[in-house]
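The values are calculated or read from the model by the stated rules, or taken from the named source; none is laboratory data. These numbers come from a predicted model, not from an experiment. Positions of Cβ are backbone-derived with ideal geometry, glycine not excepted, and every protein chain shown enters the neighbour counts.
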Amino acid sequence: MGDPSARSDPTGMSRAQPARPAGHDRDPWDDPPPPRPLTRQEAQALSARLKSVSPWKVVAIQAVVGAVVASLAGAVTGRWEVFWSALYGAGVVVVPAVLMARGMTSRLSLMSPGAGAVSFMLWEFVKIVVSIAMLAMAPKLVAGLSWPALLAGLVVGLKVYWVALLWRGR
């Protein structure tokens, strides 16, 4: 009964537990110990080590990539409708991203973590609504709309987010 390696099962019988290697005194099913708070110097070192990409830089690159894709699409096909469709597709990504970047970098969203989370959800909702509205208005705004070109501009613009994640990961 005094054996620390013996445990009781639900039936009240005790069973022997295998000995744990040195340094592994904690039961793997127990909750992990709480993390140690960082000192000011450790927090500053961690912040300096973690890179962040400016949302404005991502939006600018999306706009440039969208213009390049639209130019290539127009040059390859020789049709202005394809150029404008691809450019509008890139705009469906860039315009809502500008709104979200503006909203997320405002003073209100930077006040507290709670306000930042609510602001993020609000601006993400605005971004989705504006994107859907722009897609719905595309046939009325772009003469001779080419949906494949519009989707090409839109998809390539969205892929810039992945490039931004790769920049941050380095």
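Give VAL94, VAL126, VAL160 a once-over and let me know the one that is in contact with a Leu (Cβ under 8 Å, 6 or more places away or on another chain) and among the β-branched types (Val, Ile, Thr). Don't jump to the end; show me each part of the working.
Values: VAL94 fails: in contact with a Leu (Cβ under 8 Å, 6 or more places away or on another chain); VAL160 fails: in contact with a Leu (Cβ under 8 Å, 6 or more places away or on another chain).
The unique qualifying residue is VAL126.
Give the residue that is surrounded by the most Cβ atoms within 10 Å (Cβ to Cβ), with candidates limited to residues of region 128-170 that are charged (D, E, K, R), modelled with pLDDT under 95 and in a helix (DSSP H, G or I).
LYS159
Hey, among LEU99, LEU38, LEU46, LEU72, which residue is surrounded by fewer than 19 Cβ atoms within 10 Å (Cβ to Cβ), closer than 30 Å to SER146 by Cβ and either over 18 Å from the mean Cα position of the chain (by Cα) or not aliphatic (A, V, I, L, M) (or both)? Steps first, answer last, please.
Details: LEU99 fails: either over 18 Å from the mean Cα position of the chain (by Cα) or not aliphatic (A, V, I, L, M) (or both); LEU38 fails: closer than 30 Å to SER146 by Cβ; LEU46 fails: closer than 30 Å to SER146 by Cβ.
None of the other options fit; the residue is LEU72.
Here's the yes/no breakdown for (1) modelled with pLDDT under 95; (2) not in a loop (DSSP other than H, G, I, E, B):
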position	(1), (2)
ALA22	yes, no
ARG36	yes, no
SER47	yes, yes
VAL53	yes, no
ALA75	no, yes
TRP84	no, yes
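Of all residues in region 54-66 being touching a helix residue (DSSP H, G or I) at 6+ places or on another chain (Cβ under 7 Å) and free of Cβ contacts under 8 Å to residues at least 60 places away in the same chain, which is farthest from TRP167 (Cα to Cα)?
If we take residues in region 54-66 being touching a helix residue (DSSP H, G or I) at 6+ places or on another chain (Cβ under 7 Å) and free of Cβ contacts under 8 Å to residues at least 60 places away in the same chain, then ALA63 is farthest from TRP167 (Cα to Cα).
State yes or no: is ALA67 assigned to a helix (DSSP H, G or I), among the small types (Gly, Ala, Ser), over 19 Å from the mean Cα position of the chain (by Cα) and surrounded by fewer than 15 Cβ atoms within 10 Å (Cβ to Cβ)?
Numbers: assigned to a helix (DSSP H, G or I): yes; among the small types (Gly, Ala, Ser): yes; over 19 Å from the mean Cα position of the chain (by Cα): yes; surrounded by fewer than 15 Cβ atoms within 10 Å (Cβ to Cβ): no.
No: the conditions fail for ALA67.
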